[in-house]
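Enquirer: Dropping a structure here in structure tokens format, bear with me for questions.
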Number of protein chains: 2
Amino acid sequence: MELITWVVPAAGVAAILFALYLARDVLSRDTGTPEMEAVGGMIREGADAFVRRQYTTIGALALVGAVVIGLVIGFVETRDVADVPDLAGAPIGIMTAIAFLVGAICSMASGIIGMLVSVRSNVRTASAARRSLVEAVQVAMRGGAVSGFLVVALSLLGVWGIFTAYEGLIGDVTVAEAPFLIVGFGFGASFVALFAQLGGGIYTKAADVGADLVGKVEAGIPEDDPRNAGVIADLVGDNVGDCAGRGADLFESTAAENIGAMILGVAAFVIADAAGWPNPEAWIFFPLVVRAFGLLATIVAMFFIRGSETENPMNILNRGYWVTTILSVGGLGLTTFVMMDTAGTISNGLPVWVWFFFAGIVGLATSVVFVYITQYYTAGSYRPVREIAEASKTGPATNIISGTAVGFETTAVTAITIGVALIASHWLGSQAGLVNAAGHDVGGIFGTAVATMGMLMTTAYILAMDTFGPITDNAGGVAEFSRAEAKTREITDRLDAVGNTTKALTKGYAIASASLAAFLLFSAYIDKVNLILGNQIANGTRAAGTLLEAVNLADVSVFVAGLIGAMLVYFFSSLAIRAVGVTAQSIIVEVRRQFREMPGIMDYSQRPDYARVVDITTRAALRQMVAPGLVAVATPIAVGVLLGHEAVAGMLMVGTIAGVLLATVLNNGGGAWDNAKKYIEAGNLTDDAGNVLGKGTDAHAAAVVGDTVGDPFKDTAGPSLHVLVKLLATITLVLAPLFIR
Amino acid sequence: MELITWVVPAAGVAAILFALYLARDVLSRDTGTPEMEAVGGMIREGADAFVRRQYTTIGALALVGAVVIGLVIGFVETRDVADVPDLAGAPIGIMTAIAFLVGAICSMASGIIGMLVSVRSNVRTASAARRSLVEAVQVAMRGGAVSGFLVVALSLLGVWGIFTAYEGLIGDVTVAEAPFLIVGFGFGASFVALFAQLGGGIYTKAADVGADLVGKVEAGIPEDDPRNAGVIADLVGDNVGDCAGRGADLFESTAAENIGAMILGVAAFVIADAAGWPNPEAWIFFPLVVRAFGLLATIVAMFFIRGSETENPMNILNRGYWVTTILSVGGLGLTTFVMMDTAGTISNGLPVWVWFFFAGIVGLATSVVFVYITQYYTAGSYRPVREIAEASKTGPATNIISGTAVGFETTAVTAITIGVALIASHWLGSQAGLVNAAGHDVGGIFGTAVATMGMLMTTAYILAMDTFGPITDNAGGVAEFSRAEAKTREITDRLDAVGNTTKALTKGYAIASASLAAFLLFSAYIDKVNLILGNQIANGTRAAGTLLEAVNLADVSVFVAGLIGAMLVYFFSSLAIRAVGVTAQSIIVEVRRQFREMPGIMDYSQRPDYARVVDITTRAALRQMVAPGLVAVATPIAVGVLLGHEAVAGMLMVGTIAGVLLATVLNNGGGAWDNAKKYIEAGNLTDDAGNVLGKGTDAHAAAVVGDTVGDPFKDTAGPSLHVLVKLLATITLVLAPLFIR
């Protein structure tokens, strides 16, 4: 192993230590007034109940999943259809099951720890807001960064560890074979992410809707009243969706993209090996090292989160983001220069590494573009949100129509940006002159892989900003509950508004990363299928010339599979949206019961049973996630088995396109509705005579309808689609042998 | 020409004569009370204004389009990239332009005449309703059938005429070349359909929304009050969207599918010719003959539209539909038996024709399945509509969420039905053993073509049922306006409810036909591209072995083009939805002006200027259709030119999948919202205590919001997407030479 690859475990361990340091720093801070402590305690209690129930279930599911996967792979992956024939049968089944479990465990661990810190940072942020805006930003951002660092570091160390274990400890495995053996890790991460995001997404919006309906509408008590046990579930829900859910989502992205890029790196390795370039295996290790530098850049950036009390807190966060980005450019340059050592080979006028460096820059730039696109479409200062606010004047119907039009519109820049990024990075890669023995250029696809890795370098920072969202949201709730002084609340309100933006940004980033991940994994799938087909041809069990050269849309089976893939996206979303309604019902029933059987609640003499509502909601959400989860897992398997390995690839790609676009519509539409309501509440909307149309007007009521509609779109269905898209990719990758015909 | 092909002109002329007979029959009927006549006159006046303005504009656009297409084709289609090299350059440019114009003119003619009869049938239906339900059904259905017969007959005669002209009159053109020369006809039909459907869709919903806002909300006069000049625009709008718009939509479907099937028939012709089967050219003429039998079946079915006064009018219509379907099965059997004469060749145990007969049956069955799927999802008696009505109890937000979930859900059966139909008909066709000289099976794709033709056999009847919708809707309006007696209104209400169902059915049918059409045209596009590439290879201007064997989704350009295609579907819908809002504003301004400047309107002493509102709305709608129209035409051209002929095929297919599914969501979601409102208005919703929640309740108000949201979805964006999907196909087919690289 080259010296530079030691940066992988080093950065991984450093990031974990840094996360522990941040956690200790946050936890050592004061928890504010006794009232704040009390509220914080309730949220913590609820969150603990959630974590216990949710992760017990997911853990059990993952265990069952690992056994099933192990058996299926061990049974199906005979010597004839194995990617690594020497390990065919039981060994590869066991290795895949172990990789699956390790992936699942790492994902769960980062989710659990992130949640635990997040629900302890909220009250400390509220307390810090009594003193200083900058301090509050720092506390919230450090609390969020614990999640960010853990997710990325555990995904990095997990992939590195299982790769090293499989390559180093098992005699027969070459460095070129090992990447294929670790795809189970990505599948494990996908599996956990699916349920974490679905369960979390259903939970958070069901709690929101259920608490409102039973408290405000039925019992006639104010929104966010502590007597309503559902309100704590709502506050817990923010963490569940945006911290645990998005964390699992991006854990999956980073792990799956990393493995996909390593598989694509094998083709470059073969070329480098044949050309006699030094360290050919560096082309396989490259993704790990790039990500390690991204982590280091993020650690440094945490020290730049500072500013003045009067400045827009978004600027403070942006400062750190730009530091991460700029340092990442440096890390990218260093990595490409050192690792892509081609003994001075020049291609199309430039050293090979420079072409890939540029490809990586495309990825970093894409991430920046997405951050700003999302801002344009969901922040109140621009046309889209204003348009929706204006439409609210003529009632809820025009609000919904306008928001739908905006949501649909956002697909344009999203698709064009992803398209340009793919074509540009592919072109840059193809200029590097990596042509294999069969005369195929493999640099183009590897260029898209490098771009994806470039984009992923900032993941830890993006995730920290994301978790900043629920922490500040909760801090606002804590300040409200504890009747903190106006100055404190003014600060938490400002932070909450920024948190809404950062949550939206992360979704945009997650969409872009999901689409790149899917394209990468799709390419890796084709490599894997051809490895298997090649082995079969070599064994004589298959006719020569039957490699998978193309996924042909003109083939009826591929077209139909694509149609099914695109349909799955809608059908899955339909189930997810419907699940919110059903789960909300279970909260309503329980809170009604508490009001009835615990009469002391109303006069504050009895404390509502918060944990019980949380537990019931969690259980209902977990039950409701079964149907969409099953559909998500079963459909690609059914299509693959019925229509074969080429058709399932068509399903994957068309499903990805459909999923990415529908997620864009749901996330951005939902975000824009949310902020149109906030725009009106902030007094920015006026009638023809110039009178402000604020809270309590019909226009505001119309905007509230839009906001409520957008909630399950942007927090349940949309984010779950990110996971679905990647799950389609990892399932097909792992189960490829099952689909070969 | 074989004897049986004479059935084509015979059936076409017979259908036109029959349409004239029906028109005379309807127009000879009484126009009711003087009040009815007065309202009918206003609608007619408005419709005439619309027809004049809209078709002047579309005609001018079509003329420009023809010239541009002629020049582009004449310039681009040099000998090197021509499908018929002997006609390269100016001749093929002129022939394409003429075909385009003929297609445009036939489409416009059927739209105009259909509209003229439709707006004269309404008042006669209202009058007949004073006497008898059955008579009213007959009048409305006969009025609607004028459209149905004209659309299908003109499309049949147009394709047949231009084909015969090009093949018979121009010496060098063989029967195998002629189908490629007439694709301009399909493009002309697409072009007109795009603007007819977009303009009509925008117009109808803008009139609806605008009239309501300015009348009910601002002026405080009841909905549908004759003093509101916008109300007549609204009644005109029903005809514009559902009669003229859907007519152009299905004109395009039938024409484009017919041409696509003929192009695919060329491959079968080559095989039949080589095998020495009698009448090989029958494989090319087959689609025309099948459609001719469909027309004849529909003529017979018109005599079965009878029943009792007490029966559900839907049953009366269904009777005719089943007669059409059963007679079509007979026609299909006869045609396949006579035309697919393979001198007794048996393939896989059955005569060749039997396999294709079965494939045609699959198409007919698909059309039946779609009729019932739509009924399930949009009729009040089933779960989806009830679910939305129940959700209305908790307000507009839950109504919208529930309707969205239902809309998303409907994609599942739609996609599965289309998928099963494609795979089944492809499999059946592949059993027929049509293998060409290169060893490729061409029977499979031809099987899907036959299925599509089978589905199209019932188009005239379906369109008659569709136009039944606006006629009965208008009849209801006329009865209301003229204060007809309760019995009459009770009958028109029943007919109106049935009309809502038939309108929804037609959309489901149009979606299924659009997706089959697109797949057919896509296959035809590949044939055409390979014809050109083959000529280039033969000329030596292209390397051997570079035929378009696959549209490879794993290719970055194809993937990106697919992404852009799917995005286009959303972006186009966004523009269409937004256009409704803008156009509604122009109605509001004009009606306000009339109220202000014509004070006599309010006390009935002055007649509002209905024609002016219609004209202004028409002009605004036409202006607003420019942006989506331009985007629809420009995007495939830009993608084709930038990314090449393979990528644009990817765009076409993924765009088709995305378009079909989004149209399904919009049409069925909108239909379900509409009927949820009607379900509540009919007193079917009760609260927990069993009290009816009808008109005037909060639940009803919530359902009205859903209905309003659904309006531009189901009547503007959704139907326009059908046209978009087919336009993508015809544009790529016509401009293929431009995209070859």
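The values are calculated or read from the model by the stated rules, or taken from the named source; none is laboratory data. Every value quoted in this text rests on a predicted model; they were computed, and no experiment measured them. Cβ sites come from the backbone with ideal geometry, for glycine too, and all protein chains shown count toward neighbours. Side chains are part of the model used for accessible areas, which takes the heavy atoms of the whole protein and leaves out ligands, DNA and RNA. Shrake-Rupley method; radii C 1.70, N 1.55, O 1.52, S 1.80 Å.
Enquirer: Checking residue B:56 against (1) open to solvent by 70 Å² or more (accessible area, probe 1.4 Å); (2) over 22 Å from the mean Cα position of the chain (by Cα); (3) of a type outside the set (Lys, Arg): exactly one of these is not met. Which one?
Expert: It fails just one condition, (2).
Enquirer: Among the residues of region B:500-543, write down those that are over 26 Å from residue B:268 (Cβ atoms), part of a helix (DSSP H, G or I) and either away from chain A (no Cβ under 14 Å) or without any contact (Cβ under 8 Å) to a residue 12 or more places away in the chain (or both).
Expert: B:500, B:501, B:502, B:503, B:504, B:505, B:506, B:507, B:508, B:509, B:510, B:539, listed by residue number.
Enquirer: Here's something else I'd like to know. Sort out which residues of region A:674-692 are more than 23 Å from residue A:408 (Cβ to Cβ) and part of a helix (DSSP H, G or I), and write them in order of number.
Expert: A:681
Enquirer: What are the residues in region A:400-424 that are more than 9 Å from chain B (Cβ to nearest Cβ) and either under 24 Å from residue A:525 (Cβ atoms) or not aliphatic (A, V, I, L, M) (or both), if any?
Expert: A:403, A:417, A:421, A:424
Enquirer: Considering A:164, A:174, which residue is in a helix (DSSP H, G or I) and among the polar types (S, T, N, Q)?
Expert: So the residue among A:164, A:174 that is in a helix (DSSP H, G or I) and among the polar types (S, T, N, Q) is A:164.
Enquirer: Turning to a different aspect of this structure: Can you tell me which residue among B:84, B:119, B:137, B:151 is open to solvent by less than 10 Å² (accessible area, probe 1.4 Å) and in contact with a Ser or Thr (Cβ under 8 Å, 6 or more places away or on another chain)?
Expert: Exactly one of B:84, B:119, B:137, B:151 is open to solvent by less than 10 Å² (accessible area, probe 1.4 Å) and in contact with a Ser or Thr (Cβ under 8 Å, 6 or more places away or on another chain), namely B:151.
Enquirer: Listed residues B:489, B:483, B:494; which is away from chain A (no Cβ under 13 Å), surrounded by fewer than 22 Cβ atoms within 10 Å (Cβ to Cβ) and assigned to a loop (DSSP other than H, G, I, E, B)?
Expert: Of B:489, B:483, B:494, the one residue that is away from chain A (no Cβ under 13 Å), surrounded by fewer than 22 Cβ atoms within 10 Å (Cβ to Cβ) and assigned to a loop (DSSP other than H, G, I, E, B) is B:483.
Residue-wise test of (1) open to solvent by less than 40 Å² (accessible area, probe 1.4 Å); (2) in contact with an Asp or Glu (Cβ under 8 Å, 6 or more places away or on another chain); (3) assigned to a helix (DSSP H, G or I).
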| site | (1), (2), (3) |
| --- | --- |
| B:593 | no, no, yes |
| B:600 | yes, no, yes |
| B:613 | yes, yes, yes |
| B:618 | yes, no, yes |
| B:628 | yes, no, yes |
| B:633 | yes, no, yes |
| B:639 | yes, no, yes |
| B:644 | yes, no, yes |
| B:653 | yes, no, yes |
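Enquirer: Further, regarding this structure: In region A:24-48, what residues are open to solvent by 10 Å² or more (accessible area, probe 1.4 Å) and under 24 Å from the mean Cα position of the chain (by Cα)?
Expert: A:44, A:48
Enquirer: I'd like to check something: does region B:716-729 contain any residue that is under 30 Å from residue B:518 (Cα atoms), open to solvent by 10 Å² or more (accessible area, probe 1.4 Å) and touching a residue at least 60 places away in the same chain (Cβ under 8 Å)?
Expert: no
Enquirer: Still on this structure, please answer the following. Among the residues of region B:608-628, are any within 14 Å of chain A (Cβ to nearest Cβ) and among the hydrophobic types (A, V, I, L, M, F, W, C)?
Expert: The answer is yes; a qualifying residue exists.
Enquirer: Let me ask something else. Consider region B:76-100. How many of its residues are at pLDDT below 90 and on the phi < 0 side of the Ramachandran plot?
Expert: 16
Enquirer: Have a look at A:113, A:69 and point out the one that is more than 21 Å from residue A:169 (Cα to Cα), at pLDDT below 90 and in a helix (DSSP H, G or I).
Expert: A:113
Enquirer: Given the criterion touching a residue at least 60 places away in the same chain (Cβ under 8 Å), more than 14 Å from every other protein chain (Cβ to nearest Cβ) and either assigned to a helix (DSSP H, G or I) or of a type in the set (Gly, Ala, Ser) (or both), identify the matching residue among A:433, A:447.
Expert: A:433
Enquirer: Can I ask one more? Right, residue A:734: within 14 Å of chain B (Cβ to nearest Cβ) and buried (at least 22 other Cβ atoms within 10 Å of the Cβ) or not?
Expert: Answer is no for this residue.
Enquirer: Quick one: which of A:245, A:199, A:184 is more than 18 Å from the chain's Cα centre (by Cα), more than 14 Å from chain B (Cβ to nearest Cβ) and crowded, with 21+ Cβ neighbours inside 10 Å?
Expert: A:184
Enquirer: Please go through region A:693-707 and pick out each residue that is part of a helix (DSSP H, G or I) and either open to solvent by 40 Å² or more (accessible area, probe 1.4 Å) or more than 10 Å from chain B (Cβ to nearest Cβ) (or both).
Expert: A:698, A:699, A:700, A:701, A:703, A:704
Enquirer: Out of B:186, B:237, which single residue is closer than 16 Å to residue B:100 by Cα, assigned to a helix (DSSP H, G or I) and touching a residue at least 24 places away in the same chain (Cβ under 8 Å)?
Expert: That would be B:186, the only listed residue that is closer than 16 Å to residue B:100 by Cα, assigned to a helix (DSSP H, G or I) and touching a residue at least 24 places away in the same chain (Cβ under 8 Å).
Enquirer: Scan region A:326-377 residue by residue and report those that are under 20 Å from the mean Cα position of the chain (by Cα), over 13 Å from residue A:457 (Cα atoms) and polar (S, T, N, Q).
Expert: A:374, A:375
Enquirer: Please verify whether region A:261-280 includes one or more residues that are touching a Gly at 6+ places or on another chain (Cβ under 8 Å) and either of a type in the set (Ser, Thr, Tyr) or within 18 Å of residue A:152 (Cα to Cα) (or both).
Expert: No: zero hits.
Enquirer: To continue, here is another question. If you go through region A:715-731 one residue at a time, do you hit one that is under 24 Å from residue A:629 (Cα atoms) and more than 16 Å from the chain's Cα centre (by Cα)?
Expert: yes
Enquirer: Out of everything in region B:547-585 that is open to solvent by less than 50 Å² (accessible area, probe 1.4 Å) and outside any helix (DSSP H, G or I), what residue ends up being farthest from the other protein chains (Cβ to nearest Cβ)?
Expert: So the residue we want is B:548.
Enquirer: Out of B:261, B:274, which single residue is part of a helix (DSSP H, G or I) and out of contact with any helix residue (DSSP H, G or I) (no Cβ under 9 Å at 6 or more places or on another chain)?
Expert: B:274
Enquirer: If you don't mind, there's one more thing I want to ask. Within region A:677-692, identify whether any single residue is within 14 Å of chain B (Cβ to nearest Cβ) and either open to solvent by less than 40 Å² (accessible area, probe 1.4 Å) or under 25 Å from residue A:197 (Cβ atoms) (or both), and answer yes or no.
Expert: Taking every residue of region A:677-692 in turn, at least one turns out to be within 14 Å of chain B (Cβ to nearest Cβ) and either open to solvent by less than 40 Å² (accessible area, probe 1.4 Å) or under 25 Å from residue A:197 (Cβ atoms) (or both).
Enquirer: Related question: Just checking, how many residues over region A:369-397 are more than 7 Å from every other protein chain (Cβ to nearest Cβ), open to solvent by 30 Å² or more (accessible area, probe 1.4 Å) and farther than 30 Å from residue A:421 by Cβ?
Expert: 2
Enquirer: Among the candidates A:53, A:124, A:44, single out the residue that is of a type in the set (D, E, K, R), assigned to a helix (DSSP H, G or I) and touching a Gly at 6+ places or on another chain (Cβ under 8 Å).
Expert: Of the residues listed, the single one that is of a type in the set (D, E, K, R), assigned to a helix (DSSP H, G or I) and touching a Gly at 6+ places or on another chain (Cβ under 8 Å) is A:124.
Enquirer: Looking only at region B:660-673, filter to residues that are farther than 12 Å from residue B:709 by Cβ and either more than 10 Å from every other protein chain (Cβ to nearest Cβ) or outside any helix (DSSP H, G or I) (or both); which one of those is modelled with the lowest pLDDT?
Expert: B:671
Enquirer: Another question, then. For residue A:624, state whether it is open to solvent by 10 Å² or more (accessible area, probe 1.4 Å) and out of contact with any Ser or Thr (no Cβ under 7 Å at 6 or more places or on another chain).
Expert: Here the answer is no, as residue A:624 does not meet what is asked.
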